[in-house]
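The values are calculated or read from the model by the stated rules, or taken from the named source; none is laboratory data. Source: prediction; values computed, not measured. A quick note on method: Cβ atoms are made from the backbone with ideal geometry, for glycine too, and the neighbour counts reach across all protein chains shown. Calculation scope for accessible area: heavy atoms of the full protein, side chains included, ligands and nucleic acids excluded. Shrake-Rupley method; radii C 1.70, N 1.55, O 1.52, S 1.80 Å.
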Amino acid sequence: MPPPSPFRAGLAEALGAPALAMGATFLAFGAAVAEAGLSLSWALLCSATVYGMAGQLVLLQLAGAPAAPVLPAVVAATAANARFLPMSVAIAPLLGRGRRRLLALPFIAITPWAAAMRRLPALAEPARLRWFLGFAIASWCAALATTAAGHLAAPLLPAWLLAALLFTNPLYFALLLAADLGRPGVRGGVIGGALAAP
């Protein structure tokens, strides 16, 4: 039996622990949108286009305020997701050459980025972008599906559970970093990031 295509391999890898971790966070976001009195379409549009929990929560907080101004909300959400710029710069060399790698830009988020930074160096260059797109599109679809589920299930979810679910994806990311502390160059970056966080 031939091995799966890089796209299908990435898709299959995403539909395990990464999708569960992201799904828990987006489930909580969907419920928070419903609690704020905003529509399911607003929740889905926000998850699909902002696709970064920090920016989404900032946008939700500002959108839920009475007579919320649009421009400050967009600027605040963009600033909250500014971390995606250095992440994009870091991953760009791994995605090959040429304009086709621009297809990856809408899907740069913590979970796909972290998985790709671990997985792509071991793949042949022609397979890297296809693997990333498989993983990232599966993650994005999981985020949208769980946003919708959270919005619909909001009346059934207690506040303490929603608060815990929001931290699932950052915890998953922290565990990935901890697992990589033995790799060259990772320890310094993690320690530097931890020291710079305050």
Packing-based order for 146-153, 48-55, using average beta carbon neighbours within 10 Å, highest first:
146-153, 48-55
Sorted largest first, the Cα spans of the stretch 78-162 on the principal axes come out in Å as 48, 27, 21
When ranked by the protection proxy of mean other Cβ atoms within 10 Å per residue, highest first, what sequence do the peptides 114-121, 156-163 form?
114-121, 156-163
Over the stretch 1-130, relative contact order from alpha-carbon pairs under 8 Å, at least 6 apart, %
23 percent
Quick one: length gained pulling residue 195 to residue 117 fully straight, 0.36 nm per residue minus the C-alpha distance?
25.9 nm
On Cα atoms only, tilt of 53-63 relative to the major axis of the chain in degrees:
20 degrees
Between 0 and 90°, nearest 10: helix 125-153 axis offset from the chain longest Cα axis
20 degrees
Could you tell me how many degrees, from 0 to 90 and to the nearest 10, lie between the Cα long axis of helix 186-196 and the main elongation axis, the longest principal axis, of the Cα atoms of the chain?
30 degrees
Using packing as a proxy for protection, rank 81-89, 122-130 so that the peptide with the highest average count of other Cβ atoms within 10 Å comes first.
122-130, 81-89
Hey, any idea what % of the chain's accessible area is carbon plus sulfur with a 1.4 Å probe?
73 percent
Per-residue ellipticity at 222 nm attributable to helices in the chain (runs of n ≥ 4 DSSP H, -39500 (n - 2.57) apiece, nearest 500 deg cm²/dmol) works out to -22000 deg cm²/dmol
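Would you rank 137, 191 by solvent-accessible area, highest first, keeping every protein chain in place and using a 1.4 Å probe?
Ranking 137, 191 by accessible area, largest first, yields 191, 137.
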